[in-house]
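The values are calculated or read from the model by the stated rules, or taken from the named source; none is laboratory data. Predicted, not measured: the structure shown is a model, and the values here were computed from it. Please note: Cβ atoms are built from the backbone with ideal geometry, for glycine as well, and neighbour counts cover all protein chains shown. Surface accessibility is based on the protein's heavy atoms, side chains included, excluding ligands, DNA and RNA. Shrake-Rupley method; radii C 1.70, N 1.55, O 1.52, S 1.80 Å.
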Amino acid sequence: MTTTIIGYPRIGRHLELKKAVEAYHSQTITAADLNRIAAQIRQQNWQTQAQAGIDWLPVNDFSYEDQVLDTAALFNLIPQRFQQLQLSPLDTYFAMARGTQTATGFLPPLKMATWFNTRYGYFIPELDDSTTIQLTGTKPFDEFKEAKQLGYHARPTIIGPYTLLKFSRITGTQKISDYIEGFVAAYAQLFKQFDQLGADWLQLDEPALVLAPTKADLALFRHIYTALLPQKGQLKILLQTAYGDIREAYAQLISQDFDALGLDFVDGQQTEACIQEQGFPDDKILFAGIVNGRNVWRTNYQTVLNQLHRLPVKHVVLSTSCSLLHLPISLKSETTLPEHVRPYLAFADEKLADLVAINDLLAGRKPALLLVNQQLFNHSRGAENTRVTERLQTLTSADYHRKSERAVRQQVQQRAVPLPMLPTTTIGSFPQTAADQQRKMAFKQGKLTQAQFQSATHKRMQACLTEQTKLGLDVLVTGEYDRDDMISDFDHQLSGFLFTEHAWIQTFGTYCAQPPIIWGDIAWTHPITVAETAAAQQLTNRPVKGVLTGPLTLVNWAYPREDVPLRVSATQIALALQDEAHALETNGIHIIQIDEPAFRSQLPLRRTDWYTGYFNWAIKVIRLVASRLQSTTRFHIHMCYDHYTDILDVLDQLDADALSLSAKDPTLLDALHDAHFTTPVGLGMFDTAQFKLSTTDTLVTKLQASIKQLGPEHLWVNPDCGLKTLPEADALTNLERMVRATKQIREII
Ligand code: MET
Ligand SMILES: [Zn+2]
């Protein structure tokens, strides 16, 4: 059989691409240097795949910023405001991705959105009334020629017209249907050019097909391709999907004139059922995505072999479930991972090896590979913690309920720690000055001892508490001066996680993340935040809020285990945080907040699966953290970065004593009112992502609007997220005005 992949990581083995793009922007290298470095990365990527034994290589999977933006730029989907700058094509492209300084100020970049349920963000193309869809770029052709010259059997890949259209935002007065003809003509032009260049195949990525297309969506898809496919000439078309199954579209796809379909057998729960029940045409090739392209574990060869043997399909190409973009490049770069865990792990390069091994086994070659692989799955990994698994088994419904109802709790909480109406607070972090950053850096470089760092941090916290008291805030925080990163500060203190040295993945633009790996059962072994929080509480009479990163954010931003459901790891983390919360409580902390910015990031793509696939257990996981707290302890949840109006019923079931939500969505307030939301809320009074000062008057107006819709009794007053992103002066001014506005309102109600 033939082996291929959908795409390979492009950030570079040593983050060469990130460094080069950033160097280009700081003008330390030229456009020609940047192009040369990019070409080297592409060449190395193809060479790696070819040397691993992959038969057929994708091209144009490379991108400086994002493949959706590349496709938009290729077809001239460039909003007027960027066209007008009259920059070179490269700089126009970068202006759309990063924004740019103009004579009249900073022109912000295109908006971003989350790419399926991954951590990757793509740029949202815009279609306005003056958009002329036209093949104006040359990138895919240039890269195809480049690969061909190097002697590779290359298959150009590109985002398909349906996904591009569905993921674009129409900013003018036209309708989707007004753009179809333009899209068809432009893609037909692309077909023609590839045909002329001697490409035999073209991969059109249409992952939007996994997002439960409606009848109208399917009609749109059919309309586009019925017009387009007759123009393919000699070219063969692979319709590639990923991130789930295409149950709604399957029947239609097998009847259309595609030469091959690429389907996801990993996240696509019903992919195999579709094929078994509806068959697969003999005249098409199935690109079977059987190797997981987004998680870091070795493939179970036997499982895949069984699956392939079951398939009633004549022509199969072995492939990955999605692009390998979501994986670090190679395990080889890691020197500190324990020896016994290495055989279980597979980053991008090891996934290539998996594909080739499966192909060998199918052909009856190298049977020893199967035996070695089976060892991994037939034996325990030695990562169990029986104390934790037993604790999980003994959970009962009482573990998901607090000792009393919220209404009762409110009374005892108010008696234990009285707070004024409209209590004011912050989310946890305070601004980082240059001195704060230097202190952390000096500690990391060993220029400060642990004791020196701690004492300096303690002084800083003390100053921050004084500042908060001066501002008149009601519930204080430590300011998080001892913290680096809300994820690693927690997972490094729990047992059960693995950490890498160089395993970076691209999240958006040239931003990268280094997600931890959940290796085994997760347990709390020692207090994490207790010393710092209790020390802060010693310094003030006002209540200090303990702030923890929530269980769902910790699991959703890690590589999950494949040997147990995500629910199990999430529950284990919740129990660990329950222990931490208990330790805080016994050390005099009466308000505890968990931060859940990633609350909905693993939500199933189909709405019909939201409860069964996620919320049914996610709600319990959060409630588990709080269930053992005294009724006198206030349990708060903070969420940000996302939209919430469509999940208010879920948020209300979390049984928090207060929920702080970023309130960028202008419809949120009315939605809370209409939903008869019962949990007290703190709606972000100002935006911590923007250096913008709010006037006291606007804050008063905002508060009044909230009071009108929700009543004054159940409202908190706080910014929309932590303050660490803001310059100190701006943050303090905004806080001062927030408190002043609150006091004004208290006087009049
Ligand atoms: C992304 S949510 C961040 C919450 C954290 N406690 C902070 O204040 O920075
Ligand atoms: Zn936040």
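Counting helices only, and only those DSSP H runs with n ≥ 4, report the 222 nm mean residue ellipticity of the chain as the sum of -39,500 (n - 2.57) divided by its residues, in deg cm²/dmol to the nearest 500.
After summing the helix terms and dividing by residue count, I get -12500 deg cm²/dmol.
Please compute the length gained on full extension between ARG222 and ASP257, using 0.36 nm multiplied by the number of residues separating them and subtracting their Cα-Cα distance.
Difference between extended and current length: 11.5 nm.
Tell me the angle of helix 89-98 to the major Cα principal axis of the chain, expressed in degrees between 0 and 90 and rounded to the nearest ten.
30
What accessible area per residue comes out for the range 386-748, rounded to a whole number of Å², with a 1.4 Å probe?
With all protein chains present, the range 386-748 gives 41 Å² per residue.
For the range 121-180, what class follows from the C-alpha gyration tensor (a ≥ b ≥ c being the square roots of its eigenvalues): rounded when a/c is under 1.5, otherwise prolate if a/b is larger than b/c, else oblate?
Judged from the Cα gyration tensor, the range 121-180 comes out prolate (a/c at least 1.5, a/b above b/c).
Hey, rough spin-label estimate for GLU277 and GLN454, points 7 angstrom out along Cα→Cβ, what's it come to in nanometres?
Going from the GLU277 label point to the GLN454 one covers 6.1 nm.
Among residues other than GLY137 whose Cβ falls under 12 Å from its Cβ, what is the net charge (Lys/Arg +1, Asp/Glu -1)?
-2
Please check the chain for the longest run free of GluC sites (Glu not before Pro) that are loop-located per DSSP (anything but H, G, I, E, B) and have at most 14 other Cβ atoms within 10 Å.
Within the chain, the longest run free of exposed GluC sites (Glu not before Pro) spans 1-338.
Please say if the range 109-216 is rounded, prolate or oblate, where rounded means a/c under 1.5 for a ≥ b ≥ c the square roots of the C-alpha gyration tensor eigenvalues, and otherwise the choice is prolate for a/b larger than b/c and oblate otherwise?
Prolate, since a/c reaches 1.5 and a/b exceeds b/c.
Report, in whole Å, the centroid distance computed from the Cα atoms of the range 136-180 and the range 210-258.
Each part's Cα centre sits 16 Å from the other's.
In debye, nearest 20: dipole of the chain around its Cα centre with unit charges on the Cβ of K, R (+) and D, E (-)?
940
Full extension from HIS526 to LEU693: what is 0.36 nm times the residue separation minus their Cα-Cα distance, to one decimal in nm?
Additional length available on full extension: 56.0 nm.
All other residues with a Cβ under 13 Å from the Cβ of GLN269 taken together, and with Lys, Arg as +1 and Asp, Glu as -1, what is their net charge?
Combined, the nearby Lys, Arg, Asp and Glu give -3.
Please find the FRET efficiency linking GLN307 to ARG342, where r is the Cβ-Cβ separation and R0 is fixed at 22 Å, and quote it to the nearest 0.05.
Calculated transfer efficiency: 0.30.
Between ALA103 and ALA23, what is the spin-label point distance in nm, taking each point 7 Å from the Cα along the Cα→C-beta axis?
Computed distance between label sites ALA103 and ALA23 equals 3.4 nm.
Treating the angle as unsigned and between 0 and 90°, give the value, to the nearest 10°, between the Cα long axis of helix 139-149 and the longest Cα principal axis of the chain.
The answer is roughly 50 degrees.
Could you grab the relative contact order for the range 386-748? Cα pairs under 8 Å, six or more apart, rounded to a whole percent.
Reported as a whole number, the value is 21 percent.
With a 1.4 Å probe and every protein chain kept in, tell me what percent of the accessible surface of the range 386-748 is carbon plus sulfur.
It is 53 percent, rounded to a whole number.
Only residues of the range 316-343 count here: report those whose backbone N is under 11 Å from the spot 7 Å along Cα→Cβ of GLN375, or say none.
Only 343 fall inside the zone, counting backbone N under 11 Å.
Note down, for the chain, the three equivalent ellipsoid semi-axes (square root of 5 times each alpha carbon gyration tensor eigenvalue), biggest first, whole angstrom.
Ellipsoid half-lengths, sorted descending, are 46, 31, 26 Å.
What length, rounded to one decimal in nm, is gained on full extension from GLN86 through to THR466, with 0.36 nm per residue of separation minus their alpha-carbon distance?
My answer for the length gained is 131.6 nm.
Which residues does a label at GLU384 reach in the range 488-527, if reach means a backbone N under 14 Å from a point 7 Å past the Cα toward the Cβ?
Label zone hits: 520-522.
Expressed as a rounded percentage, what relative contact order does the chain have, with Cα pairs under 8 Å and six or more residues apart?
After rounding, I find 11 percent.
Mind running the shape call on the range 616-749? Use the C-alpha gyration tensor, a ≥ b ≥ c as the square roots of the eigenvalues: rounded below 1.5 for a/c, prolate if a/b tops b/c, oblate otherwise.
Prolate is the answer for the range 616-749, as a/c is 1.5 or above and a/b outweighs b/c.
Under 10 °C and 1.306 mPa s, how fast does the range 255-334 diffuse according to Stokes-Einstein, given a Kirkwood radius computed over C-alpha pairs? Answer in µm²/s, whole number.
D, rounded to a whole number, is 116 µm²/s.
What FRET efficiency do you get for LYS708 and ARG406 if R0 is 25 Å and r is their Cβ-Cβ distance, rounded to the nearest 0.05?
Efficiency, rounded to the nearest 0.05: 0.65.
Give me P(r) over the range 386-748, computed from all C-alpha to C-alpha distances, binned every 20 Å, as integer percentages.
With a bin width of 20 Å, the distribution comes to 29, 61, 10.
Apply 1/(1 + (r/R0)^6) to the Cβ-Cβ distance of THR678 and ASP485, taking R0 = 30 Å, and write down the FRET efficiency to the nearest 0.05.
Efficiency computed from Cβ-Cβ geometry: 0.35.
I'd like the distance separating the alpha-carbon centroids of the range 631-705 and the range 264-306, in whole Å.
Here the two parts' Cα centres lie 42 Å apart.
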